[in-house]
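The values are calculated or read from the model by the stated rules, or taken from the named source; none is laboratory data. All values derive from a computational prediction rather than experimental measurement. Heads up, the Cβs are rebuilt from the backbone with ideal geometry, glycines too, and the neighbour counts pull from every protein chain shown.
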Amino acid sequence: MTSRSSIRRLGAPLVAFFLTIWPLVPPVHAIEDAAKVGVVSFGLYGDQGVFRSEATGAAEVVAGRFETGPINVGYNSKKGGRATIEALTKSLQTAANRLDPEKDVLFLILTSHGSPDGLAIKAGRLTETLTPSRLRDMLAKTGVRHKVVVISACYSGVFIPRLASPDVLVITAADDKHPSFGCQDKAKWTYFGDAFFNVALRKAVSLKDAFLDARSLVRKRELREHFEPSNPLMAGGADVLPLLVGRP
């Protein structure tokens, strides 16, 4: 993510780094036979608060749009945190254990800085890189068939070849050759996170519609601010999209 000049905070120290909660928004109109969506949302780079804000805000929006099961939110700070590869592995499995492996959907949100190698993780002095291959293996071990992966980071299109399939929908803030924008420390959202979660997904009928709206919003903003377009991408998910029925 290139710089340019919620879930309600509960105040307890535990909440500063990791939340495991149940749906924040009660069903408005329960949809018969709708798939339950388990959400895991991680802000991986602790040196900038925008990733914490985006991870919590995105989980809140998804919880408000779908029939939600378990919600796990993790993030890091400059002092440390629990949004690590190990913690992500455990959170994915915890969420998966509460889902029907054939009927339900595991919805993963990752927000951080990115490179052609993968996603940067920074928790105090700890630094790691989450590679596409590592994430693919982590998701496969959950045992949940249908998944959505949304990655808000520079060069995040690098994850698509490893992850996308008919059972796995992948949405990225950029292609594999471009940065994305908006990762100022005190910002609430990145450009893509704002367009996709905060604007488009709140009103769109489907994830596909939300993505198309968000892509247009991001491109217009980038061109207006004289940035080379980041080219958000969506791939895979032919068998996942029909399961995701948004609340009216």
Against the conditions (1) touching a Lys or Arg at 6+ places or on another chain (Cβ under 7 Å); (2) surrounded by fewer than 23 Cβ atoms within 10 Å (Cβ to Cβ); (3) closer than 15 Å to M138 by Cα, where does P70 fall short? Just the number, please.
(3)
Considering each of L19, L10, L24, L88 in turn, give the residue that is modelled with pLDDT of 95 or more and aliphatic (A, V, I, L, M).
L88
Looking only at residues in the stretch 57-85 that are more than 22 Å from D100 (Cα to Cα) and part of a loop (DSSP other than H, G, I, E, B), which one is modelled with the lowest pLDDT?
R82
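Given the structure, is T127 of a type in the set (S, T, N, Q) and either buried (at least 24 other Cβ atoms within 10 Å of the Cβ) or within 19 Å of T142 (Cβ to Cβ) (or both)?
Working: of a type in the set (S, T, N, Q): yes; either buried (at least 24 other Cβ atoms within 10 Å of the Cβ) or within 19 Å of T142 (Cβ to Cβ) (or both): no.
Against the criterion (of a type in the set (S, T, N, Q) and either buried (at least 24 other Cβ atoms within 10 Å of the Cβ) or within 19 Å of T142 (Cβ to Cβ) (or both)), T127 does not qualify.
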Specify which of the listed residues (T94, T142) is polar (S, T, N, Q), within 18 Å of the chain's Cα centre (by Cα) and part of a loop (DSSP other than H, G, I, E, B).
T142
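Give the number of residues within the stretch 170-186 that are at pLDDT 95 or above and more than 12 Å from the chain's Cα centre (by Cα). Spell out how you get there, then give the answer.
In the first step, residues of the stretch 170-186 are kept if they are at pLDDT 95 or above; the result is 170-182.
Restricting the remaining residues to those that are more than 12 Å from the chain's Cα centre (by Cα) gives 174-182.
So the count comes out to 9.
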Cβ-Cβ under 8 Å, sequence separation 6+ or interchain: first residue in the stretch 183-198 and among the β-branched types (V, I, T), partner assigned to a loop (DSSP other than H, G, I, E, B). Which pairs?
T190/M1; T190/A173; T190/S180; T190/G182; T190/C183
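So that you can scan it fast, the table gives a plain yes or no per residue for (1) surrounded by 17 or more Cβ atoms within 10 Å (Cβ to Cβ); (2) assigned to a loop (DSSP other than H, G, I, E, B):
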{"site": "H178", "(1), (2)": "yes, yes"}
{"site": "A195", "(1), (2)": "yes, no"}
{"site": "V199", "(1), (2)": "yes, no"}
{"site": "V205", "(1), (2)": "no, yes"}
{"site": "L223", "(1), (2)": "no, no"}
{"site": "N231", "(1), (2)": "yes, yes"}
Considering only the stretch 153-174, state which residues are outside any helix (DSSP H, G or I) and in contact with a Ser or Thr (Cβ under 7 Å, 6 or more places away or on another chain).
A153, C154, Y155, T172, A173, A174
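Just checking, which of E102, E54 is outside any strand (DSSP E or B), at pLDDT 95 or above and surrounded by fewer than 23 Cβ atoms within 10 Å (Cβ to Cβ)?
Working: E54 fails: surrounded by fewer than 23 Cβ atoms within 10 Å (Cβ to Cβ).
After ruling out the rest, the residue left standing is E102.
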